[in-house]
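Taking it in order: structure first as C-alpha cells, then the write-up.
Computed from the coordinates by the stated procedures, all read-outs in this text should not be read as laboratory data. All values derive from a computational prediction rather than experimental measurement. In this analysis, Cβ positions are derived from the backbone assuming ideal geometry, glycine residues included, and neighbour counts consider all displayed protein chains.
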C-alpha cells in the first residue's frame, strides 16, 4: 500500500476527474460485494444520508467513512454491540461524526464493535484471512478499511482497540494524544482511558484524515531520519512476543538505522511496568461504574464474559483504585521523561499476528501502557510473518507530538515497502 491513496482520491474529486456520486457508488458496491463474508458492518446509511453526501461540499466530500457502533449517530441506530440497546436511536451524532459530516464525509454505516467495546468477539472476520480474528474492539472499522470498503473509519481504544486491530488487519491505526479527538457521544467504558482514534489504509492517509477533521497540521511532512533519536522500547513483557514479532522489530530497527537514524535501546523503568499493571484495574473499576445501570438493571442481557468483568470491577475497593491512579500519574511522568533521551519510540503493536480463531480478539498487553499514559501511537503496516499475516510496529511520541509520530511512522512504512 502506498499510504497516499486518500490524497490522490481527494485531488481527483477536487479537479472534477472523479465525481462524488461515482466515488460513493463504488464504495457501496464494494461493501455489497465483500461484507457478506467479512461482516464489518452492522448497519448501512439510509438513502437520505447517502443523497446528502452526494451533494455535500467540504474537504472530505466524496470520502466514505465507517463509524464504530460505540459512537452515536442520529441517522442510524447505535447499539454499542449490546442487545440492551437494540433499536436505540440517539438524538445527536457523536462529536467526531458531526465534525466529519460537516467536512463533507459520507458516513457509510456503523461498524461492528464488541459488546460495549469490551472483549466478546463480533462476527467480523479478518480480510487478510477469514479464519483469523480482526482484533477488537474496533473489529468492524479495521476490517472495513483493510478490505477497501471505506476510505477511513473511527474506532476507540481503552486498552488496545485501535492499534491492535490495525496491526492484525495490516493497516494504519492512529491513537492520538489523549483527548485530541473528542469523545462526546461515545458510550463510556472507562472515562480516564477511552480514546477516539482513526483507521486508514496507510499512515499518510490516516494523517491527512486527522488533519482534515481537526484542522491541526498533522499531514505527514518530509522527515529527516538522520536527525532523529529512536528508542527501541524493551518492555518487561517482551518475553511474551512471538518470534516473528521480535524479528519484525529487529527489521524495523535495521532499516531505520540504515536510513540514518540514531538507535538507542530504551529499557522499561519499573514505574512504567507498574503503570501497565495498573491499567486493567483502572479499566475494571471505571467500567463497573460507567455501566452501573447495565450491570444492575440489565445484567441478564449482558454476555457472561462482560457480566463477570463488571462484577469483578465492582468488587474493587476505592483505595485500590486510588493506588492504581497514583501509579498511572507516576507512569505518565515517567513516559514524558523517556523522551528526554529519544525523539520517538518503536515497539510491537501486538504480541504477534492475528490469532487463527474467531473466538478471541487477541491480547492488548502491548498497548495498555500507552493508552494509560496518553501518548500518541501509530501502527505502521508493512511487516508480515512467515505465513504472510500482518505484523504491526508502533511508533510512539511524547504527549502532544502527534505530528512527529505520524511523520516518523510514514517514513518507517516507506522503508518497509522498499525492503
Original post:
Based on the Cα coordinates of the range 5-214, what is the per residue volume of their convex hull in Å³?
Top reply: 102
Subject >> the range 187-251-the range 345-419 distance, computed between alpha-carbon centres (Å) >> reply: 6
Subject >> Helical mean residue ellipticity (222 nm; -39500 (n - 2.57) per DSSP H run of 4+; nearest 500) of the chain >> reply: -12500 deg cm²/dmol
Original post:
Please state the relative contact order of the chain as a whole percent: Cα pairs under 8 Å, 6+ residues apart?
Top reply: 19
Subject >> Protection proxy ranking, peptides 143-155, 40-52, 58-70, 397-409, average beta carbon neighbours within 10 Å, highest first >> reply: 143-155, 58-70, 397-409, 40-52
Subject >> For the range 1-55 and the range 117-153, distance of Cα centres in Å >> reply: 18
**OP:** Averaged over every viewing direction, what's the projected area of the C-alpha convex hull for the range 31-136? Give it in nm², one decimal, please.
**Re:** 7.1
Original post:
What share of the DSSP beta bridges in the range 5-214 is antiparallel, in percent to the nearest 5?
Top reply: 65
Original post:
Using the Kirkwood radius built from alpha carbon pairs, what does the Stokes-Einstein equation give as D for the range 351-396 at 20 °C and 1.002 mPa s, in µm² per second?
Top reply: 179
**OP:** Take each of the peptides 271-280, 298-307, average the number of other beta-carbon atoms within 10 Å over its residues, and list them starting from the highest.
**Re:** 271-280, 298-307
Original post:
Which order, highest average first, do 10-23, 166-179 follow once you tally other Cβ atoms within 10 Å for each residue and take the mean per peptide?
Top reply: 166-179, 10-23
Subject >> residue 254-residue 340 FRET efficiency (beta carbon distance; Förster radius 30 Å; 0.05 resolution) >> reply: 0.75
**OP:** For residue 289 and residue 386, compute 0.36 nm times the residue count separating them, minus their Cα-Cα distance, and round to one decimal in nm.
**Re:** 30.6 nm
